[in-house]
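The values are calculated or read from the model by the stated rules, or taken from the named source; none is laboratory data. Keep in mind that this is a model prediction, so the values were computed, not measured. Counting neighbours? That spans all protein chains shown, and the Cβs are built from the backbone with ideal geometry, glycine included.
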Amino acid sequence: MKVAVTGATGRMGREVMDAAREADHEVIGVSHSSAGEYAGVDIEPADEFGTLLSEHDPDATIDFTLPDPSVSYVQDCAEAGVPAVVGTTGFSDDQYEELRAASEEVPVLQAANFARGIQGLLSAVREAVAALPGYDVELTETHHNGKRDAPSGTANRVLDAIDDVRGDSPRVHGREGETPREEGEIGVHARRAGDITGEHEVLLAGNHEEVRLTHRAGSRGVFAAGAVEAAEWLAGRSPGWYDFSDTLPDSQS
């Protein structure tokens, strides 16, 4: 399999290239940074991405960059007929619409998190919220000091999972001053420090008890390996909008 990796000189880009090579895939590296090489792979300039797709005809592209370049990359994939796996987060509503428009031409799989454990967390959160109606809920997420969007894309997925059970709940981001808790609200707290890969904790409290559901990623390699697995699954599929959960065995039974 041949995989194009955008943002190849970034932290996640390098992890994805390593994961793809470990899976014995041929890798094409692309970056807006100056061209060079990584682990023996030449890094091609991003402004020639459309041409590179035509020349190399990869089976899939994996993108972990920023919203603006990510949309552009996916649009190039749509024109070239190349499936796109997108791990970028922080898109505006308009940018999501552009990605979804591209999925009418090629398969696009966009996910906030490619760790399989997160899928387990989402399931556990839904079950816990359903089993504990009326309990207060707080969500805390922690990431490295370079992460731009807050709350994280994964945190928003967790919040959506809670809303799936409770219905839309007001969200309070952080607390300061005199802010008594309102019934049904969800407290959301984002922390940015050091080189923490990613941690998400859901706290449910009531009836003189508490339940904590936590996922911690110890390495970016977890996300990179999951993205490569997603690309393997996506290659050859029909145009459409897909999620990482679609690749899991239970979703295909």
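Under the condition of being surrounded by 17 or more Cβ atoms within 10 Å (Cβ to Cβ) and of a type in the set (A, V, I, L, M), which residue from the range 152-194 is nearest to Thr88 (Cα to Cα)?
Ala155
Scan (1) surrounded by fewer than 13 Cβ atoms within 10 Å (Cβ to Cβ); (2) part of a helix (DSSP H, G or I); (3) modelled with pLDDT of 95 or more for the single condition Asp250 breaks and write down its number.
(3)
May I ask you to verify whether Ala128 is at pLDDT 95 or above and within 26 Å of Arg14 (Cα to Cα)?
Criteria not met by Ala128.
Considering only the range 63-98, state which residues are at pLDDT 95 or above, within 13 Å of the chain's Cα centre (by Cα) and on the phi > 0 side of the Ramachandran plot.
Result: no residue meets the conditions.
How many residues are closer than 29 Å to Leu234 by Cβ, of a type in the set (A, V, I, L, M, F, W, C) and assigned to a helix (DSSP H, G or I) if we restrict to the range 111-164?
Going through the range 111-164 one residue at a time, the tally reaches 10.
From the list Val108, Val125, Val129, Val137, which residue is outside the structural domain of Ala205 (by TED's automatic domain parsing) and either touching a helix residue (DSSP H, G or I) at 6+ places or on another chain (Cβ under 6 Å) or among the β-branched types (Val, Ile, Thr) (or both)?
None of the other options fit; the residue is Val108.
In the range 45-77, which residues are in contact with a strand residue (DSSP E or B) (Cβ under 8 Å, 6 or more places away or on another chain) and of a type in the set (Gly, Ala, Ser)?
Ala46, Ala60, Ser70
Looking at Ala230, Ala205, Ala193, which is the one that is closer than 17 Å to Arg157 by Cβ and either over 14 Å from the mean Cα position of the chain (by Cα) or not assigned by TED's automatic domain parsing to the domain that holds Ala155 (or both)?
Ala230
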